[in-house]
Amino acid sequence: MIMTTICYLQKDGKTLFMHRIKKKNDINEGKWIGVGGKFEPGEDPETCVTREVYEETGYVLDKLNFVGFVTFPGIVNGEDEGMFLFTSDCFHGSFKPSVDEGQLEWIPDEKIPQLNLWEGDRYFFDWFKQDRKVLACFTYENDQLVQKKIHFY
């Protein structure tokens with residue numbers, strides 16, 4: 001299983017997204033996603049997400065909110081992905097809007113439904129408002145969500 005993290009940074013009624021438009025053969029090509037990436041050897045989820053956010057945005061996370069864990073069976077060339085989902089509204093640093101993977105942009109929260117998101121990602125924004133943790137499984141076929149399982153704790 002490929003292990004990843006993702007973090008949605010939030011401030012002043014806006015959420016930071018990466019528009020994946022720069023990387024060739026990218027499973028996320030054209031999608032708007034949060035900031036994150038794959039674990040490096042020996043990393044735990046918090047270390048991974050903190051490193052990824054800094055590398056991709058220039059921001060240092062002061063506080064993290066763990067939202068849940070999501071699995072995606074067979075999504076990466078037939079291999080499963082496990083993703084730790086976080087938010088943060090407490091960070092500092094010098095913002096860099098462009099990285100190798102895509103363009104970063106602060107999106108007003110009311111415009112999020114208009115973005116080209118993975119269908120399962122649309123559930124995340126309701127989860128962020130709840131005081132519960134989530135365990136979910138989203139199965140895709142040809143970029144279409146065909147099955148979902150969501151459990152709150």
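Throughout, read-outs are computed from the coordinates displayed, never taken from laboratory work. Predicted model, so just to flag it, every value in this text is computed and none were measured. For neighbour counting, all protein chains shown are included, and Cβ atoms are generated from backbone atoms with ideal geometry for every residue, glycine included.
Quick notes on this structure:
- Scanning the stretch 89-108 for residues being outside any loop (DSSP other than H, G, I, E, B) and either under 16 Å from the mean Cα position of the chain (by Cα) or among the basic types (K, R) (or both) gives a total of 6.
- Scanning the stretch 1-39 for residues that are within 18 Å of Y59 (Cα to Cα) and either touching a His at 6+ places or on another chain (Cβ under 9 Å) or hydroxyl-bearing (S, T, Y) (or both) gives T5, Y8, T15, I33.
- Selection count where residues are farther than 12 Å from G102 by Cα and either of a type in the set (A, V, I, L, M, F, W, C) or surrounded by fewer than 18 Cβ atoms within 10 Å (Cβ to Cβ) (or both), scope the stretch 1-23: 11
- Strands (runs of 3 or more DSSP E) contained entirely in the stretch 1-54, each with at least 2 residues that are among the small types (G, A, S) and closer than 20 Å to F69 by Cβ: 35-38
- Scan of the stretch 72-97 for residues that are free of Cβ contacts under 8 Å to residues at least 24 places away in the same chain and either within 16 Å of W32 (Cα to Cα) or surrounded by 14 or more Cβ atoms within 10 Å (Cβ to Cβ) (or both), ordered by number: P97
- Options V67, V60: the member that is more than 27 Å from N25 (Cβ to Cβ), within 15 Å of the chain's Cα centre (by Cα) and among the β-branched types (V, I, T): V67
- Cβ-Cβ distances below 6 Å connect the following pairs, each with a first residue in the stretch 56-71 that is part of a strand (DSSP E or B), a second residue that is among the basic types (K, R) and surrounded by fewer than 20 Cβ atoms within 10 Å (Cβ to Cβ), and a separation of six or more residues or different chains: G68/K133.
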